[in-house]
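Remarks on the structure that follows.
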Amino acid sequence: MSKNVKSVYSYTLLIPAAIVYVTFFIVPTVFSFFFSLTRWTLIEWEFIGLENFIRFLKEPQLFIGFKNTLIFTVVTCVLKVIFGVMLAVLLTMNIKTKHFLRSVIFFPTLISFVAVGITFKVLMHPTSGWINQMLGLLGISGPNWLGSPRIAIYSVALVDVWKGVGFATVILIAGIMSIPKHYYEALEIDGGNRWNAFWHITLPLTRPAINIILTLSMIYGMRTFDLVWTMTGGGPGFSSDVIASIIYKQYQAGFYGLSTAGNVLLFLAVMLIVFPFYKFLTRKEVSV
Amino acid sequence: MRIHLKRNRLWTRCLVLLMAIVITACGSGGGAGGDSANGSGAGLETGSSDSADEPVTLTLLIDNQTAMSGIEAVVKEIEKRFNIVTQFELRPGGSEGDNIVKTRLATGEMTDILFYNSGALFKALNPKEYFVDLTDEPFAENIDDSFKEVVSVDGRLYGIPASTASAGGWLYNKKIYEELGLSVPETWDQLIDNLKQVEAAGKIAVAGSFGDTWTSQIVLLADYYNVHSELPEFAEQFTNNKAKFADTSLALRGFEKIAEVYQPSFVNEDIAVATYEDALRMLAEGQVAHYPMLTSALPTLEETFPDRIDDIGYFGQPGDDPNNHGLTLWMPAGFYLNKESEHIKAGLKWMEFFASEEGMSIFMENMTPDGPVMIKGMELPDQVYGAVKEMMPYIQGGKASPALEFLSPLKGPNLEQITVEIGLGMLTPEEGAARYDLDVENHARQLGLEGW
């Protein structure tokens, strides 16, 4: 935006929002930076410098937590975009039940994470769960989805994709619908086929939408907690712990200063990764 | 230039507003202070109503996993006699519930009476700050000394027993034992031998329920009698950072026993996701022969499988010496009286009755006890679970010791995850013990204990 454009509204109008933002976001953030440097019992605190940060970084399960967070983030980001694009293209085509299907795809987004987590925990039970019983009917012996340390985090990630793909699809549908029709007409005159249309028009021009999905699911993935906690509790053992569940367990144990330090670190890590990532993505955006 | 000016004005406005907020916030804080002054006036009034016959309502926070029939019966009697009504507030159990208790204490929102664990968990609450000192109350004398120890801090008593004690060890299915001609093992090797025979007979030897992670710690915790009887000073040294699990071979044995018991050939297939209820069902239905558990599971078993409760037996986790086969005791939870309560007098009366012989007998009439009574001079009624009868000879023979969490304020919060990993073979016992030592160190530092 060029500098000589006069702003339409007075800054005074920002004040209500600013008050809310300052009291509920800025103030607690500043507080948490402070308490992360203390031994804190919620009533009393004692300043202990950086000890909490050192302790937090020494947690033996932290490495697993980082690894799992990364796995979870990458798997959910990639799959949400791939399935989202496929579904969005399908649902912008001329099919009869498209409005109905759009709502169906969106429904999982409306259910709470806890409800989804508990439901899938039952469905994924190794012997009595429906998923493995279905697979059994097909003659496949299904894996121990949540009980096997090696695949538990992937099972949770898959459920997250199931729940989140509807949201991605809706954003992508909006992106695809905003592409002017004459691009496709031009392609048709030039003799391009459907694949060309998808590869050279739809995909590049939905870049902004894809970027939003990637950024959002990346931020979400890095601080993911609800599904992991309800489905595996970070288990078996520590095998599906993510950073947020490690922090939560410390909070549960009453280590308030330590868990606050963990949150500060998580906050910094998310900022450090997401900002450059978003900058990188938006640089390549093509405007319509 | 113009833009700059505007920016500056914006910032000044924001600043002025922020100051305004801060000032009004202070103002309302003062107002609250005034209110609380009024509140203490009201307190005086209620104080007088305590002595009269006007009904007083006490609130009581309790977790939703405790069998309530005994408590409810006593509470009804208290209402009849003293016109003191008790209103229960339920909270989740486990660490989720710990959270609620700690937060409500810290924010001054605690109920009049709190039901909560004794031992390490209780001591982590900073009791001096929140609970009424009961040391000089006359009813303090009725309470068994071993229980007093686990609800006292710096020699001051804060709680009364909310139930009977229970034991950690092995619940077993007597029918399977009969069928296979097995006898109760006196040593660890005999126990392993029994497990092998059950396995050979095509049954599941041990039920594991790692879906409820806390159940995975029992084999370690219930082994504490074997540590205590040879190394009574371990608890103190452990608290003072002078002894570690990893380099005390007797204590490390507990971690090794987890690995020995939860071998894939001994346990149920779905061990990683099975729950406490699943395991109890398998034990009652005779699908598995053993379940390492606390005897506090017996009331739940009775509720769910009333006709199978007599098939369930108990033995303490054996060590290596057949002549020194003992059990590890779990102290019951306690009731604690909130210092900030407006009905302290009524609360004390409530506690006096609950901790009396009369109160405890009403309790036991309505809920079959799962272990020894914590009121001095009281015996168990004739009507007890068969498993509890098997438990009493250990106690009468002096072969019992409290679990470590009742002798030390330290308990690492990640123990249950560590024991799951050992049980599933993801960690060796040595690695697990070392990791637990680190976890304990975290806890000690957070408590600000000396010597760490």
Matching option when the condition is more than 30 Å from residue B:70 (Cβ to Cβ) and modelled with pLDDT of 95 or more, among B:258, B:218
B:258
Kindly indicate whether any position in segment B:124-147 is out of contact with any strand residue (DSSP E or B) (no Cβ under 9 Å at 6 or more places or on another chain), within 30 Å of residue B:449 (Cβ to Cβ) and buried (at least 18 other Cβ atoms within 10 Å of the Cβ).
yes
Scope segment B:351-376; condition farther than 18 Å from residue B:134 by Cβ, of a type in the set (A, V, I, L, M, F, W, C) and in contact with a Gly (Cβ under 6 Å, 6 or more places away or on another chain); matching residues
B:363, B:367
Across segment B:253-275, what is the total count of residues that are of a type outside the set (S, T, N, Q), in contact with a Gly (Cβ under 9 Å, 6 or more places away or on another chain) and more than 14 Å from chain A (Cβ to nearest Cβ)?
3
Let me spell it out: the conditions are (1) in a helix (DSSP H, G or I); (2) modelled with pLDDT under 90; (3) within 14 Å of chain B (Cβ to nearest Cβ), and residue A:99 meets all of them except one. Which number is the exception?
(3)
Strands (runs of 3 or more DSSP E) (entirely within segment B:154-271) containing at least 3 residues that are under 25 Å from the mean Cα position of the chain (by Cα) and in contact (Cβ under 8 Å) with a residue 24 or more places away in the chain:
B:159-161, B:166-173
Please count how many residues of segment B:107-120 are crowded, with 18+ Cβ neighbours inside 10 Å and within 12 Å of chain A (Cβ to nearest Cβ).
1
So, residue A:39, is that one in contact with a strand residue (DSSP E or B) (Cβ under 9 Å, 6 or more places away or on another chain), within 13 Å of another protein chain (Cβ to nearest Cβ) and outside any loop (DSSP other than H, G, I, E, B) or not?
yes
Which number in (1) buried (at least 21 other Cβ atoms within 10 Å of the Cβ); (2) out of contact with any Leu (no Cβ under 9 Å at 6 or more places or on another chain) marks the one condition that residue A:236 misses?
(2)
Quickly run through segment B:422-443 and pick out the residues that are out of contact with any Ser or Thr (no Cβ under 8 Å at 6 or more places or on another chain), within 12 Å of chain A (Cβ to nearest Cβ) and modelled with pLDDT of 90 or more.
B:424, B:425, B:427, B:431, B:434, B:435, B:436, B:437, B:438, B:439, B:440, B:441
Residue satisfying all of: in segment B:81-102; over 13 Å from the mean Cα position of the chain (by Cα) and charged (D, E, K, R); farthest from the other protein chains (Cβ to nearest Cβ) among these
B:81
Which condition breaks for residue B:166 when tested against (1) of a type outside the set (Val, Ile, Thr); (2) modelled with pLDDT of 95 or more; (3) buried (at least 23 other Cβ atoms within 10 Å of the Cβ)?
(2)
If we ask which residues in segment B:339-363 are surrounded by 22 or more Cβ atoms within 10 Å (Cβ to Cβ) and in contact with a Pro (Cβ under 9 Å, 6 or more places away or on another chain), their number turns out to be 4
(1) over 22 Å from residue B:268 (Cα atoms); (2) acidic (Asp, Glu); (3) crowded, with 16+ Cβ neighbours inside 10 Å all hold for residue B:154 apart from (3)
Between a residue in segment A:59-88 that is within 14 Å of chain B (Cβ to nearest Cβ) and any residue that is assigned to a helix (DSSP H, G or I) and of a type in the set (Asp, Glu), which pairs come within a Cβ distance under 9 Å, given they are 6 or more apart or on different chains?
A:60/B:439
Is one or more of the residues making up segment A:274-284 of a type in the set (Phe, Trp, Tyr), in a helix (DSSP H, G or I) and surrounded by 17 or more Cβ atoms within 10 Å (Cβ to Cβ)?
no
Which residue, of A:105, A:95, is more than 24 Å from residue A:240 (Cα to Cα), free of Cβ contacts under 8 Å to residues at least 40 places away in the same chain and touching a helix residue (DSSP H, G or I) at 6+ places or on another chain (Cβ under 8 Å)?
A:95
Filter result for the condition that a residue is modelled with pLDDT of 90 or more and surrounded by 14 or more Cβ atoms within 10 Å (Cβ to Cβ), over A:62, A:50, A:79
A:79
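The values are calculated or read from the model by the stated rules, or taken from the named source; none is laboratory data. In this text the structure is predicted, and so the values were computed from the model without any measurement. Note that we place each Cβ from the backbone using ideal geometry, even for glycine, and neighbour counts take in every protein chain shown.
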